[in-house]
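The block underneath contains the structure these notes are about, expressed in structure tokens.
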Amino acid sequence: MCPKQKSDTDLLRASFSKYVYTALCNKRNRYLSKKYRHDRELPAGCNEYEMTIDDYLSLLNSKSKLELQLADLYELKATLETLSQLEQEVIILKIFHGLKFHEIACLYGKNAKMAKNTYYRAIAKVRALYIERGGKA
Amino acid sequence: MIFRNLLLEARVGDPDCISQLFEMYRAMITGLAKIDGIIDEDLEQELFITLYQCIEKFPL
């Protein structure tokens, strides 16, 4: 397989993976809404999958589980926004959705090592930028 | 086999290609089918059906 063909295959696979992931998450949410429609409390995480990156960033402002001051949250939000789209998505999939590295890799049609590297690189970037901006480590 | 061909073959009903795609996305489906750490088998089945529909509907 020539490099261009390989690249096209990777792109198609990543695009198909995102398509599948969105469809599966929507199906899961519909299934859980139907199953638990009489219950007040849905199982943890069942509504999180249709949220966008912006929703997550605003969630950080509104009801973060981290015990941070509001000023720190703004710093953290600004820092997260400096990351690339891929890095933001990997962090969200790993931290908010609790996906494993091989599951994230599957979404992008890459191997688990790529997901792991991207995640830790992003975390290191966030940490460095956050400290640089004056936040506490 | 390149991915486009795999999808096209799966669409026309090649069982090997379908099972290859199912294996590829099994981990993702199992992860999403977990509710409070326990796999909901009905949901898992629904998700596999959704994957099959995605194979048929994905615009190539």
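The values are calculated or read from the model by the stated rules, or taken from the named source; none is laboratory data. If you're wondering where the values come from, they're calculated on a predicted model, not measured in any experiment. Cβ sites come from the backbone with ideal geometry, for glycine too, and all protein chains shown count toward neighbours. These accessible areas exclude ligands, DNA and RNA; they are computed on the full protein's heavy atoms, side chains included. Shrake-Rupley method; radii C 1.70, N 1.55, O 1.52, S 1.80 Å.
If you wrap the Cα atoms of chain B in a convex hull and average its projected area over all directions, you get 4.2 nm². When accessible surface is computed with a 1.4 Å probe, chains B and A are found to bury approximately 2500 Å² between them, both chains counted. Model label points for residue A:81 and residue A:113, set 7 angstrom from Cα along the Cα-to-Cβ axis, are 3.6 nm apart.
Here the dipole of chain B is about 360 debye; that uses its Cα centre as origin and unit charges on the Cβ of Lys and Arg (positive) and Asp and Glu (negative). Taking the accessible area of chain B, probe 1.4 Å, and keeping the other protein chains in place, the carbon and sulfur fraction comes to 49%.
Just which residues of segment B:40-60 lose 30 Å² or more accessible area with every protein chain there, against their chain alone, with the probe set to 1.4 Å? Buried-area filter returns B:40, B:43, B:46, B:47, B:50, B:54, B:58. Taking 0.36 nm per residue of sequence separation and removing the Cα-Cα distance, the residue B:45/residue B:1 pair yields an extension gain of 13.1 nm.
Quick check on my link table: of A:77/A:110; A:18/B:57; A:100/B:57; A:35/A:77; A:27/B:57; A:18/A:94, which ones sit more than 25 Å apart, alpha carbon to alpha carbon? Check vs 25 Å cut-off fails for A:77/A:110; A:100/B:57; A:35/A:77.
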